[in-house]
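The values are calculated or read from the model by the stated rules, or taken from the named source; none is laboratory data. None of these values were measured; they are calculated from a predicted model. For neighbour counting, all protein chains shown are included, and Cβ atoms are generated from backbone atoms with ideal geometry for every residue, glycine included. What goes into the accessible areas is simple: the full protein's heavy atoms, side chains included, and nothing from ligands, DNA or RNA. Shrake-Rupley method; radii C 1.70, N 1.55, O 1.52, S 1.80 Å.
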Amino acid sequence: ICIDLVTRSTWLSYHTAAFATAISASAQQNNLDANANTARSIANMSRSTAAFDESAITKALSLLDTVYGPITDNLTQFPLPMPANEAGLCHDGYQRRYLWTDAFGVLAYTSVAEMYEMNDEKDKADTYRRACDKLINTVHECLGSPRSNDKDDAMKIDHSSTSPTGHVGLRIGKLHSRKVTDYGMEYDGQYWHYVDKWLLALARSGHVNEGLHIAKSCFSTFFDVDHGGIRWKLSVDSTAPPSLRYAGPSDDALVALIVFSILEAARVSGDDAPSLSDEIQMLKSALIGYKPRVTNDPLGWGLEAIYDQYLTGKPRTKMLASTHESALHPSHMSLPFRLYGALIGARVAGKEVAPKAKVERLIEMSLKYEGKIMERGHEEHSSINRVMLAMCLLCPGVLGKRADDPTIIL
């Protein structure tokens with residue numbers, strides 16, 4: 001399949017207009033009379049799943065369409081490759097995927113599917129679940145494999161056949177790569193704080209088995225047994241550069257414990273999926289005495305707000321509330337996705353961490369900003385910005401804690 005730049009430009013022009021229409025319509029949004037529909041529950045859905053909101057879904061899907069392209073019956077052109085300046089080329093010479101963006105893409109499409117299920121619209125729900133399946137398979141084909149046949153791009157082969165990709169872990173899809181990754185974020189590699197988002201997306205989208213296999217295959221390469229922490233970054237071949245080998249207890253280990261516990265709780269007994277009970281026990285032991293902290297970095301603040309719901313007593317709530325003014329500030333629009341991350345966390349955690357009116361004002365500001373940027377035709381980090389804003393509109397969605405999710409005791 002070959003989609004040239006003209007084809008992509010045509011689709012983007014069409015969906016930019018569709019997005020502008022959706023934003024305009026939202027100004028005249030009627031009071032939805034859907035209380036009877038939203039009262040119905042679906043097994044294993046989040047207890048805080050957002051009420052069915054057609055306007056929010058329309059705006060979110062308009063944003064997602066500008067990134068992934070149209071969702072048609074056969075999904076032949078879905079997902080479109082990301083722009084050449086936002087993700088590295090995959091081994092097929094066509095696809096470009098970025099793990100963080102696609103993790104939130106899966107979470108967004110799954111949230112949409114659940115909302116349609118709540119509204120008894122099974123056919124629509126199935127459409128977005130199929131899109132999730134296609135996106136997940138594409139990511140595993142691309143980022144679960146070396147980007148080229150060059151020996152410097154080689155990934156560690158999973159001889160135990162645990163991983164569904166045949167290799168250990170997942171690349172994140174950076175533009176540039178080298179055998180030994182850098183100590184910052186310029187070169188490709190395996191970044192734990194991307195992998196954990198992907199594992200959560202797999203758990204929420206019903207791909208638990210694949211999530212368990214990937215987690216099992218890569219844990220030993222990320223976990224520093226001697227010091228009890230998760231290495232934040234590895235080279236694509238799953239080795240750690242010298243200065244990144246040491247890792248003590250941190251939020252990376254805490255999030256690993258949360259996500260592994262969610263996957264383990266969803267594991268079907270008797271299935272061929274591996275248990276993560278040993279890994280969970282290692283993480284619990286490593287985190288004894290660990291005290292969660294709060295940052296005023298907007299993206300970090302938002303992620304902490306999401307994960308706090310899984311901790312007994314929500315120990316970060318007061319600290320998150322006391323720093324929300326700094327995290328939820330319009331100045332962060334210089335890198336929009338970081339502000340959108342804060343808004344996602346605020347919508348998931350609710351009024352305990354930030355006033356709802358403030359959050360909604362920032363969301364409306366963000367929608368207008370993205371609309372203007374689309375009219376101009378160029379935006380740096382366009383894919384990650386739009387996908388995260390789409391997820392924000394759908395929150396809490398599948399990011400809300402479910403009744404059968406474990407609660408972590410520190």
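Could you check Asp237 against (1) more than 27 Å from Arg338 (Cα to Cα); (2) of a type outside the set (A, V, I, L, M); (3) out of contact with any strand residue (DSSP E or B) (no Cβ under 8 Å at 6 or more places or on another chain); (4) surrounded by fewer than 21 Cβ atoms within 10 Å (Cβ to Cβ) and say which number it fails?
Unmet for Asp237, out of (1) more than 27 Å from Arg338 (Cα to Cα); (2) of a type outside the set (A, V, I, L, M); (3) out of contact with any strand residue (DSSP E or B) (no Cβ under 8 Å at 6 or more places or on another chain); (4) surrounded by fewer than 21 Cβ atoms within 10 Å (Cβ to Cβ): (4).
Restricting to segment 296-322, give me the number of residues that are under 11 Å from Ala342 (Cα atoms) and part of a loop (DSSP other than H, G, I, E, B).
The total comes to 2.
For segment 240-272, enumerate the residues that are in a loop (DSSP other than H, G, I, E, B), open to solvent by 70 Å² or more (accessible area, probe 1.4 Å) and without any contact (Cβ under 8 Å) to a residue 60 or more places away in the chain.
Of segment 240-272, the ones in a loop (DSSP other than H, G, I, E, B) are 240-241, 245-250, 267-272.
From what's left, open to solvent by 70 Å² or more (accessible area, probe 1.4 Å): 245-246, 267-272.
Once the filter is applied, which keeps residues that are in a loop (DSSP other than H, G, I, E, B), open to solvent by 70 Å² or more (accessible area, probe 1.4 Å) and without any contact (Cβ under 8 Å) to a residue 60 or more places away in the chain, segment 240-272 yields Arg245, Tyr246, Arg267, Ser269, Gly270.
I'd like to know if segment 387-405 contains one or more residues that are surrounded by fewer than 23 Cβ atoms within 10 Å (Cβ to Cβ) and either acidic (Asp, Glu) or under 25 Å from Gly173 (Cβ atoms) (or both).
Step one: of segment 387-405, the residues surrounded by fewer than 23 Cβ atoms within 10 Å (Cβ to Cβ) are 396, 400-405.
Checking the rest, the ones that are also either acidic (Asp, Glu) or under 25 Å from Gly173 (Cβ atoms) (or both) come to 404-405.
Checked against the condition, which is being surrounded by fewer than 23 Cβ atoms within 10 Å (Cβ to Cβ) and either acidic (Asp, Glu) or under 25 Å from Gly173 (Cβ atoms) (or both), segment 387-405 yields at least one hit.
Only one residue in Gly313, Gly289 is more than 23 Å from Pro330 (Cα to Cα), among the small types (Gly, Ala, Ser), open to solvent by 40 Å² or more (accessible area, probe 1.4 Å) and at pLDDT below 95. Which one?
Details: Gly313 fails: at pLDDT below 95.
Answer to the selection: Gly289.
Condition first: buried (at least 24 other Cβ atoms within 10 Å of the Cβ), within 25 Å of Gly270 (Cβ to Cβ) and touching a helix residue (DSSP H, G or I) at 6+ places or on another chain (Cβ under 6 Å). Now tell me which residues in segment 208-227 satisfy that.
Result: Gly211, Leu212, Ala215.
When segment 61-77 is examined, which residues are found to be in a loop (DSSP other than H, G, I, E, B) and touching a Ser or Thr at 6+ places or on another chain (Cβ under 7 Å)? Quick ask: steps written out before the conclusion?
Applying the first criterion (in a loop (DSSP other than H, G, I, E, B)) to segment 61-77 yields 69-77.
Selection gives Ile71 alone.
Quick check on my filter: what residues within segment 327-380 are in a loop (DSSP other than H, G, I, E, B), surrounded by fewer than 18 Cβ atoms within 10 Å (Cβ to Cβ) and not acidic (Asp, Glu)?
Those that are in a loop (DSSP other than H, G, I, E, B), surrounded by fewer than 18 Cβ atoms within 10 Å (Cβ to Cβ) and not acidic (Asp, Glu): His329, Leu335, Pro355, Gly377, His378.
Residue by residue through segment 273-286, note down the ones that are open to solvent by less than 40 Å² (accessible area, probe 1.4 Å) and either outside any helix (DSSP H, G or I) or basic (Lys, Arg) (or both).
Step one: filter segment 273-286 for residues open to solvent by less than 40 Å² (accessible area, probe 1.4 Å), giving 273-276, 279-280, 283, 286.
Passing the criteria: Ala273, Pro274, Ser275, Leu276.
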